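Input: a single structure, listed below in structure tokens.
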Amino acid sequence: MAAAFFTSSSSSTLLFRRTATAVTFVALKQLGPCSIPPIHSPFHLPQRTMSRVSATHDEEASARAAATEANTGAPTIFDKIISKEIPSSIVYEDEKVLAFRDINPQAPVHVLVIPKLRDGLTELGKAEPRHEDILGHLLHASKIVAEKEGIVDGFRVVINSGATACQSVYHLHLHVLGGRQLKWPPG
Ligand code: 5GP
């Protein structure tokens, strides 16, 4: 999994954290600097700056290169995995989604959950109301994967959205990570 900026400042940044089960769902996309803008509240809280974590220059460069082709609609490596043209270690499959082990695992359990039909979902930042069903289906499939892998008591679900988050494959995918103590903030 590519590491990401951890930031929170635009409407396209989504952070949902359920600490009770250590399930964290993160979607990050921001083209500006990695900081939180001034908070305009009656309390005049100071601006906080979040540090960048663990993305290497190589990861960033390849993510930016991948992003240039993101909206061409060109097939990705995941199309070949869906069609079984390229082999993968499948963990779960139904009529709408495919879950398979990441080729470069970042944890003892690292499974990617993808929609079989991309339908414009090159990245989460392209989601539209018509995608609500598949987005919910993908999250539920992630929980099924966690159960199958024996990590349902503690796991993380991550979506890298856009070059700033080091997304490298432009077919929406959820990373299901677990099998070790995961740290926060992510890196
Ligand atoms: P992203 O960086 O876009 O969030 O995640 C893409 C993920 O796809 C990476 O974690 C990478 O290791 C994985 N990946 C890329 N190519 C392949 C492949 O051919 N097979 C599998 N199983 N995973 C892949």
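The values are calculated or read from the model by the stated rules, or taken from the named source; none is laboratory data. These numbers come from a predicted model, not from an experiment. Reconstructed Cβ throughout: ideal geometry from the backbone, glycine too, with neighbour counts over all protein chains shown.
Residue by residue through the range 104-161, note down the ones that are hydrophobic (A, V, I, L, M, F, W, C) and assigned to a loop (DSSP other than H, G, I, E, B). Listed by number, the residues that qualify are A107, L117, L121, A127, I151, V152.
For I144, the criteria (1) within 18 Å of the chain's Cα centre (by Cα); (2) on the phi > 0 side of the Ramachandran plot hold in every case but one, which is (2).
On inspection, S54 passes the criterion of being within 16 Å of the ligand (Cβ to nearest atom), modelled with pLDDT under 95 and either of a type in the set (S, T, Y) or assigned to a helix (DSSP H, G or I) (or both).
Results for (1) modelled with pLDDT of 95 or more; (2) crowded, with 16+ Cβ neighbours inside 10 Å; (3) more than 24 Å from T72 (Cβ to Cβ); (4) among the polar types (S, T, N, Q), shown as yes or no for each residue.
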position: I114; (1), (2), (3), (4): yes, yes, no, no
position: G120; (1), (2), (3), (4): yes, no, no, no
position: D133; (1), (2), (3), (4): yes, no, yes, no
position: G150; (1), (2), (3), (4): yes, no, yes, no
position: I159; (1), (2), (3), (4): yes, yes, no, no
position: L172; (1), (2), (3), (4): yes, yes, no, no
position: V176; (1), (2), (3), (4): yes, yes, yes, no
position: R180; (1), (2), (3), (4): yes, no, yes, no
position: P186; (1), (2), (3), (4): no, yes, yes, no
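Before we move on, is I144 in contact (Cβ under 8 Å) with a residue 12 or more places away in the chain, in the same structural domain as A61 (by TED's automatic domain parsing) and surrounded by fewer than 23 Cβ atoms within 10 Å (Cβ to Cβ)? For I144, the condition - in contact (Cβ under 8 Å) with a residue 12 or more places away in the chain, in the same structural domain as A61 (by TED's automatic domain parsing) and surrounded by fewer than 23 Cβ atoms within 10 Å (Cβ to Cβ) - is met. Annotation note: Cβ proximity below 8 Å between a residue of the range 92-112 that is assigned by TED's automatic domain parsing to the domain that holds F155 and among the small types (G, A, S) and a residue that is part of a loop (DSSP other than H, G, I, E, B) and surrounded by fewer than 21 Cβ atoms within 10 Å (Cβ to Cβ) (sequence gap 6+ or interchain) occurs for A107/G179; A107/R180; A107/L182. Being within 16 Å of R101 (Cα to Cα), within 10 Å of the ligand (Cβ to nearest atom) and assigned to a loop (DSSP other than H, G, I, E, B) is the filter here; which residues of the range 169-181 pass it? Matches in the range 169-181: V169, H171, L172, H173. Scanning the range 87-112 for residues that are of a type outside the set (G, A, S), surrounded by 16 or more Cβ atoms within 10 Å (Cβ to Cβ) and more than 10 Å from the ligand (Cβ to nearest atom) turns up V91, Y92, V97, L98, V109.
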